[in-house]
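So the structure is just underneath, and the comments pick up after that.
The values are calculated or read from the model by the stated rules, or taken from the named source; none is laboratory data. Computed from a prediction, not measured in an experiment: that's the story for all the values here. Cβ atoms come from the backbone with ideal geometry, glycine included; neighbour counts cover every protein chain shown.
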Amino acid sequence: MALVVAAEPIPLVEDADGVVRVGATRVTLDTLVAAFREGATAETIVEQYPSLHLAEVYTVIGYYLQHQAEVNAYLQRRQEQGTRVRQESERRFDPTGIRDRLLARRNPRG
């Protein structure tokens, strides 16, 4: 039997919101790269996120290692977007005293 050498597609999919996910899962590229940067092995990542396949994780890690500048730029954009969304939410819905307000709703006699 001859060894067939073929390029495998990178299991990354961009959703309608521009979020890159791993394969057919809800696990984001952000999550996988963060775990890898923190020292997690591919096996550990699969244990933490059982919807992932080990081969996919290795492929994505390889992609990250070969395209760090592009991936880091994407991650930076995502972080900036998250900051903007959080600031907008806090501007629209003041989080100050939210615990007390929620508890007051729970126990109106309070």
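Of the residues making up the stretch 3-49, those that are at positive phi and under 11 Å from the mean Cα position of the chain (by Cα) number 0.
None of Arg105, Arg77 is out of contact with any Cys (no Cβ under 6 Å at 6 or more places or on another chain), farther than 26 Å from Glu8 by Cβ and loosely packed, with under 10 Cβ neighbours inside 10 Å except Arg105. Evaluated against (1) among the hydrophobic types (A, V, I, L, M, F, W, C); (2) farther than 19 Å from Asp15 by Cα; (3) modelled with pLDDT of 95 or more, Val60 falls short on exactly one condition, (2).
Filter the stretch 1-19 down to residues that are among the β-branched types (Val, Ile, Thr) and either surrounded by 11 or more Cβ atoms within 10 Å (Cβ to Cβ) or touching a Pro at 6+ places or on another chain (Cβ under 6 Å) (or both) and give me whichever is nearest to His53 (Cα to Cα). The residue in question is Ile10.
Of the residues making up the stretch 20-33, those that are part of a helix (DSSP H, G or I) and either under 20 Å from Ala55 (Cβ atoms) or of a type in the set (S, T, N, Q) (or both) are Leu29, Thr31, Leu32, Val33.
Restricted to the stretch 20-33, and to residues there that are touching a residue at least 24 places away in the same chain (Cβ under 8 Å) and either more than 19 Å from Gln79 (Cα to Cα) or in contact with a Pro (Cβ under 8 Å, 6 or more places away or on another chain) (or both), the residue that is surrounded by the most Cβ atoms within 10 Å (Cβ to Cβ) is Val22.
Please tell me if Ile61 is of a type in the set (A, V, I, L, M, F, W, C), assigned to a loop (DSSP other than H, G, I, E, B) and touching a helix residue (DSSP H, G or I) at 6+ places or on another chain (Cβ under 7 Å). In short, no.
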